[in-house]
Structures are given as C-alpha cells and as structure tokens.
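Student: Can you keep this structure in mind? I'll have questions shortly.
The values are calculated or read from the model by the stated rules, or taken from the named source; none is laboratory data. Please read these numbers as outputs of a predicted model, since none were measured by experiment. Counting neighbours? That spans all protein chains shown, and the Cβs are built from the backbone with ideal geometry, glycine included.
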Amino acid sequence: MSDATATDANSADGSIPASAAPGSAALVLLSGGQDSAVCLAWALGRYARVETIGFDYGQRHRVELAARPMVRERVAALRADWHARLGEDHMVTLPELARISDTALTRDAEIKMTAAGLPSTFVPGRNLLFLTYAAAIAYRRSIGVLVGGMCETDYSGYPDCRNDTLQTLARAISLGMDRTMTILTPLMAIDKAGTWAMAETLGGRALVDLIVEDTHTCYLGDRSQRHAWGYGCGTCPACDLRAKGWDVWQGGPAPVNP
Ligand code: ZN
C-alpha cells in the first residue's frame, strides 16, 4: 500500500502548501467567483501544470458558470508562464444535487437563516461531493493536489468549509484511492479583505481589476449594478461579504500570506 495517510500537507491553519513543489500538477476548483479566481492565480504561480474543474448542479443563477471560461482564460493570460501552465478544463454536471437539495441556490426561495443557524443557500455536504468528484478526475489525470477556495473565516457557517472537514476528507480520499491526495485551501485562514490583498500580491492591480470586472459572487445573479468591488445586488450575503472585504482592504493593508 502506498503512503495514503500523508495528507496533512496543509499547515495547522490550512493555508500553507508544504507540498507545493514546482514541477507538479494541481486541479483547481473554479466556479467563476472571486475566491476560486484567486486560487487559480495562486496555483498557476506554483505548479507546472494547472487544470480546472467546475460543477453545474442546477444553480439558480447561471451567471457564475457563464463567467467561468472568461475568468479562466483571463487570469492565465496575465502572465506568459501562467498561460503556459494552464491545462485542461473539466465540467461535471450534477443534476441530482439539485434534485435532492432543498435550498435557495437551486430553488426560487428566499435566502435567509435556517433554524440550524445556516444560510438557506447551504447545499448539505456540497464541498464533500465536489472534492470527491475532483479527486476522481485528478486521479485519472495523475494529479495529487486539489486546490479550493474554502475559507473558515468568512464561511457563513458552512461546516464543509472547515479545515478539519477538508483535511479529514483528504485522508478518506487518499485511503479510498490508495494514492495521496492533498487538499490545499490558500484562503482558509484569511478573510475577504485578505483575499483582495492576496489577489494584488499574486497578480497586481491587473488581477484585482479582472476579479472586479469578470468574476461573479452575487447569490441573485445580478449583473445590472456595478460597484467598486464588482457586480451584484449589493445586499445578499455574498455581496455583503465581498463589499465589506473590499472596504476593509481599501482602508488599509490587510494581513496576507500567499
Ligand atoms: Zn448579491
């Protein structure tokens, strides 16, 4: 049996890639939103080959999915070496996830806090499913690193964004596939202000501008209102986080450790 237990390559806070060796490959979970765009830039700066994966699970709005190919190409185009490293894109369609979920993201329901203290946008275990599908594709592509934008600082109560959850999943996947699969989450320990700062550190103002213009985060799919931080309704929980992070970042340097 191979060493399928050495999956805790993240540091204690889940952010530092001890195993991010040059010459290796990574698969980035890319949604078309702000966080995954920063993760793509982060991976392109570290891995010789970077592939991407996206999931169509019947999202109520299609804006983020529509933004995805443009975000992917434009982030890579910021630097010649990044462009050379960008590999294949994989789209996975998960209609069953929409069918079995009863949430505001996939049904025309109001976004509010549930009795369990979670936003009604929560699709139970969504990241567990996404990462397991990603691992199956990574295995086939001889990739041992999955990169995701999960964050437990601004995680809105999503338990599948916690570092403990993700590192335990990495261990289960590694055991189940008999191959070490590492899950890296560069944004785990920083807040949204830190994500904006990390974007500037990784790709300069050009990456910040790209994220403002091309990525999409708003739960309502609103592209009609342009704010300093990008497009969105300005009031849903996702817009609120993105806007507040922008304001804090604009107000002064935020801690960043890309
Ligand atoms: Zn919004």
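Student: Which helices (runs of 4 or more DSSP H) sit wholly inside the stretch 41-149 and have at least 3 residues that are more than 22 Å from Cys161 (Cα to Cα) and at pLDDT 95 or above?
Tutor: It comes to 63-76, 80-85.
Student: How do the pairs read when you match residues in the stretch 51-78 that are under 23 Å from Ser224 (Cα atoms) and in contact (Cβ under 8 Å) with a residue 24 or more places away in the chain with residues anywhere that are of a type in the set (Asp, Glu) and assigned to a helix (DSSP H, G or I), using Cβ under 7 Å and keeping only pairs 6 or more apart or on different chains?
Tutor: Ala67/Asp214; Met70/Asp214; Val71/Asp214; Arg74/Asp214
Student: Checking Asp178 against (1) over 16 Å from the mean Cα position of the chain (by Cα); (2) within 14 Å of the ligand (Cβ to nearest atom): exactly one of these is not met. Which one?
Tutor: (2) is the only condition that Asp178 fails.
Student: Moving on. With among the aliphatic types (A, V, I, L, M), within 16 Å of the chain's Cα centre (by Cα) and modelled with pLDDT under 95 as the only criterion, which of Ile190, Ile211 stands out?
Tutor: Just one listed residue meets the conditions, Ile190.
Student: Among (1) closer than 21 Å to Met70 by Cα; (2) away from the ligand (no atom under 16 Å from the Cβ); (3) out of contact with any helix residue (DSSP H, G or I) (no Cβ under 9 Å at 6 or more places or on another chain), there is one condition Ala199 misses while meeting the rest; what is its number?
Tutor: (3)
Student: Quick check on my filter: what residues within the stretch 159-189 are touching a residue at least 40 places away in the same chain (Cβ under 8 Å), among the hydrophobic types (A, V, I, L, M, F, W, C) and outside any strand (DSSP E or B)?
Tutor: Leu166, Leu169, Ala170, Ile173, Leu175, Met177, Met181, Leu187, Met188, Ala189
Student: How about the stretch 202-253: which of its residues are under 12 Å from Lys192 (Cβ atoms), surrounded by 19 or more Cβ atoms within 10 Å (Cβ to Cβ) and away from the ligand (no atom under 13 Å from the Cβ)?
Tutor: Ile211, Gly245, Trp246, Trp249
Student: Moving to a separate point now. For the stretch 19-40: of the residues being of a type in the set (A, V, I, L, M), over 18 Å from Ile190 (Cβ atoms) and assigned to a loop (DSSP other than H, G, I, E, B), which is modelled with the highest pLDDT?
Tutor: Per the criteria, the residue is Leu30.
Student: Between residues in the stretch 199-226 that are within 20 Å of Glu73 (Cβ to Cβ) and residues that are among the acidic types (Asp, Glu) and away from the ligand (no atom under 16 Å from the Cβ), which pairs lie under 6 Å by C-beta distance while being six or more apart or on different chains?
Tutor: Val208/Glu200
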